[in-house]
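Pasting in a structure now, in structure tokens, and then I'll have a few things to ask.
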Amino acid sequence: MKIVVLVKEVPDTYGDRKLNLETGLADRAASEPVLDEIGGRALEVALSYADKNPGTEVVVVSAGPSSAQATIRKALAMGAARAVQIVDDELAGADLGLTAQALAAAIRKEGFDLVICGNQSTDGSGGVLPAMIAELLDVPQATSLNSVQITDAQVSGERAIDGGTATVSASLPAVISITERLPDARFPNFKGIMAAKKKPYETKSLADLGVDAWDGAAARSIMIAVSEKPPRAAGVKIVDEGDAGVKLAEFLLENRLA
Ligand SMILES: Cc1cc2nc3c(=O)[nH]c(=O)nc-3n(C[C@H](O)[C@H](O)[C@H](O)COP(=O)(O)OP(=O)(O)OC[C@H]3O[C@@H](n4cnc5c(N)ncnc54)[C@H](O)[C@@H]3O)c2cc1C
């Protein structure tokens, strides 16, 4: 069984997240880079399966700047066997379409039985990349799973739906995405951190993958303008002179909040 896990480096979720107002790109220097938490959980699903099924290979694949290598190596320290990183200047500010094409090309080259992704990243938060990759790889997908069962022939799990839970399954090879309901990522131990330094770490360019960033046929979204969010206006203060209830009701009605 070969499991490919898609992980990426993001600005610290709890840090100060900024966009560069000139380029419109995430200002990576503004906060500590971290391995996206949902990607860590996706990796934990793969490693838990590998713990119980000897001979399973877990490979992490990521698209991002070369500066992200130290972060991606954390996935090797957790227990992934190898890492493949797509590094290319053309990926700076890449939209969902180009990111999906690049990742699908790397996964196809790698070969896979199962691809595990997070359901939504904490920076771009598009929430659609797993579906786009499944489409490009022409395999089934089961997304936003709250639980995962993997057998030699299929993957299944539960997903929250209105008023209940749906059990979904897909024959392998397939793509799945998981939610924050899956267990936390394990902490790398000292042995894992040391071993990560020697584990294979490949970098690939778009040319290596046969992906043309400006292929005329593919639609690309380009950021044309970005502006700072206006500062939050001060709130309305209600002083109770025995009529606070009335004033509050008037405020709610005026602002269509009631
Ligand atoms: C603030 C902001 C706004 C953006 N707005 C747009 C937009 O409007 N339109 C547009 O096309 N693009 C947009 N992008 C770019 C888009 O977010 C990137 O293409 C991004 O790399 C992939 O999308 P996502 O993280 O939103 O994907 P999601 O679908 O939220 O990611 C789900 C999962 O896919 C995997 N994954 C996602 N990115 C990578 C990666 N680089 N390497 C490995 N695995 C990955 C992870 O497992 C992740 O958990 C925006 C980016 C930012 C930071």
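With a Förster radius of 41 Å, plug the Cβ-Cβ distance of ASP27 and THR167 into 1/(1 + (r/R0)^6) and report the FRET value to the nearest 0.05.
Working: r = 42 Å, r/R0 = 1.03.
The calculated FRET efficiency here is 0.45.
Using a 1.4 Å probe on the protein heavy atoms, what percent of the accessible area of region 2-209 belongs to carbon and sulfur? If you can, show how the numbers build up before the last one.
Values: 5030 of 9980 Å².
Roughly 50 percent of what the probe reaches on region 2-209 is carbon or sulfur.
Which FRET efficiency value, to the nearest 0.05, is calculated for TYR14 and SER125 with the Förster distance at 22 angstrom and r the Cβ-Cβ distance?
Values: r = 15 Å, r/R0 = 0.70.
Calculated transfer efficiency: 0.90.
Could you sort out which of LYS18/LYS237; LYS8/LYS229; LYS2/LYS199; LYS74/LYS204; LYS18/LYS199 sit more than 24 Å apart by Cα distance in this structure?
Details: LYS18/LYS237 30 Å; LYS8/LYS229 26 Å; LYS2/LYS199 17 Å; LYS74/LYS204 19 Å; LYS18/LYS199 33 Å.
Long pairs (Cα-Cα over 24 Å): LYS18/LYS237; LYS8/LYS229; LYS18/LYS199.
Taking a probe of 1.4 Å, how large is the accessible area per residue of the chain, in Å²? The partial results should precede the final answer.
Values: 14590 Å² over 258 residues.
Roughly 57 Å² per residue, with all protein chains present.
Let me ask something else about it. Rg and Dmax in Å for region 66-200, alpha carbons only: what are they?
15.9, 49
Could you give P(r) for region 142-258, binned at 10 Å from zero, as whole percent values over all Cα-Cα pairs?
The distribution over region 142-258 is 9, 14, 16, 26, 18, 11, 6, 0, given as percents.
Which one, MET223, MET78, MET132, has the greatest fluctuation when you compute a Gaussian network model over the chain with C-alpha springs under 10 angstrom?
Among MET223, MET78, MET132, the largest GNM mean-square fluctuation belongs to MET223.
Of the beta bridges DSSP finds with both residues in region 2-209, what % are antiparallel, to the nearest 5? Before the final figure, lay out the partial values.
Working: 14 of 39 bridges.
That works out to approximately 35 percent antiparallel.
Quick one: grab the alpha carbon gyration tensor of region 1-57, order the square roots of its eigenvalues as a ≥ b ≥ c, and give me rounded if a/c is under 1.5, else prolate or oblate depending on whether a/b is larger than b/c.
On the way: a/c = 5.46, a/b = 3.06, b/c = 1.79.
Verdict is prolate for region 1-57.
Based on the Cα atoms of region 132-204, what semi-axes does the equivalent ellipsoid have, where each is the square root of 5 times one gyration tensor eigenvalue, given in whole Å with the largest first? Don't jump to the answer; show the numbers that get you there.
Values: eigenvalues 168, 67, 26 Å².
Semi-axes (√(5λ), whole Å): 29, 18, 11.
Can you give me the P(r) profile for the chain? Cα pairs, bins 5 angstrom wide beginning at 0, each as a whole percent.
Spelled out bin by bin, the chain gives 1, 6, 11, 15, 16, 14, 10, 8, 5, 4, 3, 3, 2, 1, 0 percent.
When only DSSP loop residues count, what trypsin sites (Lys or Arg not before Pro) in region 146-198 have their Cβ near at most 16 other Cβ atoms within 10 Å?
Details: sites: ARG159, ARG181, ARG186, LYS191, LYS197, LYS198; in loops: ARG181, ARG186.
Hits after loop and neighbour filter: ARG181, ARG186.
Which order do you get for VAL128, VAL148, VAL84 if you rank them by accessible area with a 1.4 Å probe, largest at the top?
Values: VAL128 60, VAL148 30, VAL84 0 Å².
I get VAL128, VAL148, VAL84, largest accessible area first.
Divide by every residue of the chain the summed helix terms, -39500 (n - 2.57) for each DSSP H run of at least 4, and state the resulting mean residue ellipticity at 222 nm, rounded to the nearest 500 deg cm²/dmol.
Values: 6 runs with 70 residues, N = 258.
Mean residue ellipticity, 222 nm, calculated: -8500 deg cm²/dmol.
The values are calculated or read from the model by the stated rules, or taken from the named source; none is laboratory data. Worth saying up front: this structure is predicted, and the values here are computed from it rather than measured. We place every Cβ from the backbone using ideal geometry, glycine too, and count neighbours over all the protein chains shown. Ligands, DNA and RNA are stripped out before the accessible areas are found, and what is left, the full protein with its side chains, is counted by its heavy atoms. Shrake-Rupley method; radii C 1.70, N 1.55, O 1.52, S 1.80 Å.
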